[in-house]
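Remarks on the structure that follows.
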Amino acid sequence: MARRISGRSHGDPRSADTRAKVKDDYRPSRDEILRYIAENPDRSGKREIAKAFALRGEDRIWLKDLLRDLQDEGLLTKERKRLTRAGALPHVAVLDIVGRDADGVLLANPSEYTGPGSPPVIAIRISRGASGPVPGIGDRVLAKTFPTDDPAGPAYTGRVMKIFEKRSEAVLGIFRVLKDGSFRIEPVERRQPELIVDKEFQNGAKNGDLVEVEPARASRYGLPRAKVLAVLGSLTSEKAVSMIAIHAHDIPHVFPADVIAEAEAAKPATLAGREDWRDLPLVTIDPADAKDHDDAVFATPDTDEKNPGGVIVTVAIADVAAYIRYGTPLDREALKRGNSVYFPDRVVPMLPERISNNLCSLREGEDRPAIAVRMTFSAEGRKLRHSFHRVMMKSAAKLAYPQAQAAIDGVPDDKTGPILDSVLKPLWDAYAVLKRGRNARQPLELDLPERKILLKLDGTVDRVVVPERLDAHKLIEEFMIQANVAAAETLEGKKEPLVYRIHDAPALAKQESLREFLHTLGLSLARGAQMRPSQFNGILERVRGADNEALVNEVVLRSQSQAEYSPKNIGHFGLNLRRYAHFTSPIRRYSDLIVHRGLIAALGLGPGGLAHQEADRLEEVAALISATERRAMAAERDTVDRLIAAYLAECINDTFDARISGVTKAGLFVQLPQYGADGFIPVSSLSGDYYIYDETARSLFGERTGKGYQLADRVEVRLLEVAPMAGAMRFEMLSDPKPLPGSRRSFHKTKGRARASQSRFGPRGRRR
């Protein structure tokens, strides 16, 4: 008979006396399993559960089946090879404090929640005698979360680890002076209303200024009012659009005085304690407009007779740890930023220019400190061994990707000609070897072109291009991947704490959704808990060159999990690697700086190693830099949307070729492939039928005709409306709907669910 689990969170959930009385055929109940997982989020793998309940032999098979049933019922989800209650919070989460209970205890909600139902409530615990600032209502905090047993109270308690800088209630907008002399605030967010500013609250703002305003309580009639708190800059100046994203996402962009002072006082590293590699012709290969250079490469054939056809690859990475020591102002600011943020018109760097573009940048012909890894590969591309070295190097050449590729393709210039045979050709020969290993490993190979916005001198869009994907890009990418693997292997082997770059396999729910979608196209995806990238590659290969190639690539991408940082390793699904850590870009990523410090400490490479205090808080650091990475991606995406919207504002009523990039109950998102920008077509504007949302087939189809529109369809659209500073565009569909037998068949199979999801609007906006 199943028993209640004790409240302890470690080891066997049963008492010693109880364990002594247990029969060999003991099996815990479903509730006991669910309770144990809730109380032990860090010990919830299948093996750990079996160990906790002393299950062996056939009982382990029974447990595997039970856990699968609980997942199928939606009671459990699998993340990072660990099971969690559906909708459960991670052990470390970002929380927003929203109020207090009757006893005055602070209550919080997760800042991001994608689980079922309403977000859980967390009671914030504050330790007696705690030093430092105390959190309050409106604060955003990083906290450890613990599930509770009280069904009538909050689902979790939280222990605050860090209080983020408080955001004011202010919003951003563009100050506009109308023809009648009145003032308005043009919104910069898509759902933000227009605001009125009275003259006494103008605060010196001029037409076209980006301002921070405090909205007043909305009146019963007319637009709400606001007062200007601060003028952040003028939109008539260069780099204005990215400035909106910087302020909207709270990206630190001004270095404090003590950080600048520390950077300016830094002295160049010396040869003391380093190997002298200045005669090795390492070269940097980067984008033509790169201002800092993290990495340099060199390769040569392996002369060992035991390794015929093998190669030796050397990757040298800027030794940022030589200048950024734990706990200094420079270090604290770098962690606060987490990473550099790249906009089309500017870069917000993680480190001051004195460090990033000078002392650490591997400049051509200048002595620079580096941490290098020398890796030996077999002819099949399998890494046989590697070693790390702390060195002083001197870059033999600064090359751009097209420049290096042109030399290999038979068009060398004055710089690449002298090093073509001695440096460049051996690099490409080594890449051919590493590519064999990559092909055998079979990482996920999605074909999704990346676009680059080229700007005029005034900061407006000149054109949008899709840079050619060269072997030079792939060479550097594969060399860096192998260096990252070597770093993770070394630290793991030395039992040194580190932050892994992890990427989980697609969640079971996403796998099933993808499987249902592929079925509508006559494609199948094998079932199984242990998915492999090769299974997705097989699907992608089957549609290569077909009309639905872009559609399948897009849906496969959306089925994938998001990569992040963690001190706990689950491997990297997309790269199909068991262990992986970011090591190769310490100038622009704090994660890489941590790995550098770990290598220095583990291998005894001198000062600047990982401090004990730093090692103890890697879980917190991993959560912070994962959050700053997501922040940077959102800011970069918003800036691109605003730039393209402003560029197309003069094209109202023009027609465009587009591709459907999203399907919702409310309508269709369409992307203009030429620009990489998205706009929206409301379902109420689709004429000729009542349109129903089919989630499985990612489509909207007519209830009467069965014709409609599907994700990745190529269509013709007309631009009707643009809100440049909000980055929003509204289009009209010009293409006729097409037959969608897959959607209609899927609809009839799940008629009740599909009808419940249909839009309330029929053709031409009539409410149903």
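The values are calculated or read from the model by the stated rules, or taken from the named source; none is laboratory data. As the structure is a prediction and not an experimental result, all values here were calculated from the model. Virtual Cβ from ideal backbone geometry, glycine too; neighbours counted across all protein chains shown. SASA here: full protein model, heavy atoms, side chains in, ligands and nucleic acids out. Shrake-Rupley method; radii C 1.70, N 1.55, O 1.52, S 1.80 Å.
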- Output for Cβ contacts, cut-off 7 Å, separation at least six or different chains, first residue under 16 Å from S699 (Cα atoms) and open to solvent by 40 Å² or more (accessible area, probe 1.4 Å) in the range 540-565, second of a type in the set (S, T, N, Q) and not in a helix (DSSP H, G or I), reads none
- From P90, P119, P28, residue being at pLDDT 70 or above, of a type outside the set (S, T, Y), open to solvent by less than 30 Å² (accessible area, probe 1.4 Å) and assigned to a loop (DSSP other than H, G, I, E, B): P28
- Message: Quick check on T460: is it at pLDDT below 95 and polar (S, T, N, Q)?
- Response: yes
- Item | Residue list for the range 696-743, restricted to those being outside any loop (DSSP other than H, G, I, E, B), touching a residue at least 60 places away in the same chain (Cβ under 8 Å) and among the hydrophobic types (A, V, I, L, M, F, W, C) | V717, L719, L720, V722, A723, M725, A726, A728, M729, F731, M733
- Item | Extreme residue, farthest from the chain's Cα centre (by Cα), among residues of the range 344-362 that are open to solvent by less than 20 Å² (accessible area, probe 1.4 Å) and over 14 Å from P586 (Cβ atoms) | P352
- Query: Quick one: which of L172, L232, L210 is in a strand (DSSP E or B), at pLDDT below 80 and closer than 29 Å to D641 by Cβ?
  - Reply: L232
- Message: Step by step: first the residues of the range 477-494, then only those that are among the charged types (D, E, K, R) and open to solvent by 10 Å² or more (accessible area, probe 1.4 Å), then the one that is nearest to T584 (Cα to Cα). Which residue is that?
- Response: E477
- Quick count over the range 281-304, residues being part of a loop (DSSP other than H, G, I, E, B) and more than 36 Å from the chain's Cα centre (by Cα), is 3
- Run Y647 past the list (1) within 26 Å of the chain's Cα centre (by Cα); (2) modelled with pLDDT under 90; (3) hydroxyl-bearing (S, T, Y) and report the number of the one that doesn't hold. (1)
- For the range 699-717 the number of residues that are basic (K, R) and surrounded by 17 or more Cβ atoms within 10 Å (Cβ to Cβ) is 1
- Message: Quick check on my filter: what residues within the range 399-409 are surrounded by 20 or more Cβ atoms within 10 Å (Cβ to Cβ), of a type outside the set (S, T, N, Q) and under 34 Å from the mean Cα position of the chain (by Cα)?
- Response: L399, Y401, A404
- Task: Might you check whether a residue that is at pLDDT below 90 and open to solvent by less than 30 Å² (accessible area, probe 1.4 Å) occurs anywhere in the range 679-688?
- Result: no
- Which members of the range 337-362 meet the condition of being closer than 30 Å to I644 by Cβ and not in a loop (DSSP other than H, G, I, E, B)? R337, N339, V341, Y342, V347, V348, E353, S356, N357
- Task: Go through the range 492-590 and tell me which helices (runs of 4 or more DSSP H), entirely inside it, have 1 or more residues that are modelled with pLDDT of 95 or more.
- Result: none
- Query: Is it the case that P412 is touching a residue at least 12 places away in the same chain (Cβ under 8 Å), surrounded by fewer than 19 Cβ atoms within 10 Å (Cβ to Cβ) and assigned to a loop (DSSP other than H, G, I, E, B)?
  - Reply: no
- Keeping to the range 597-622, report how many residues are open to solvent by less than 30 Å² (accessible area, probe 1.4 Å) and touching a strand residue (DSSP E or B) at 6+ places or on another chain (Cβ under 6 Å). 3
- Query: Of the residues in the range 184-207, how many are more than 27 Å from R637 (Cβ to Cβ) and either within 32 Å of the chain's Cα centre (by Cα) or outside any strand (DSSP E or B) (or both)?
  - Reply: 10
- Query: For the range 426-457, which residues satisfy the criterion of being within 23 Å of the chain's Cα centre (by Cα) and at pLDDT below 90?
  - Reply: L446, D447, L448, P449, E450, R451, K452, I453
- From the list G327, G309, G365, which one is over 25 Å from the mean Cα position of the chain (by Cα), modelled with pLDDT under 95 and open to solvent by 10 Å² or more (accessible area, probe 1.4 Å)? G327
- Note on the structure: Considering residues that are under 30 Å from L335 (Cα atoms) and in contact with a Gly (Cβ under 7 Å, 6 or more places away or on another chain), the number found within the range 503-540 is 1
- Query: Give me the pairs: first residue in the range 235-262 and of a type outside the set (F, W, Y), second residue open to solvent by 50 Å² or more (accessible area, probe 1.4 Å) and at pLDDT 90 or above, beta-carbon distance under 6 Å, and six or more apart or on different chains, which are they?
  - Reply: H249/R631; P252/K336
- What are the pairs, 6+ residues apart or on separate chains, where a residue within the range 459-470 that is over 14 Å from L648 (Cβ atoms) has its Cβ under 9 Å from a residue that is in a strand (DSSP E or B)? V465/K452; V465/I453; V465/L454; V466/K452; P467/K452
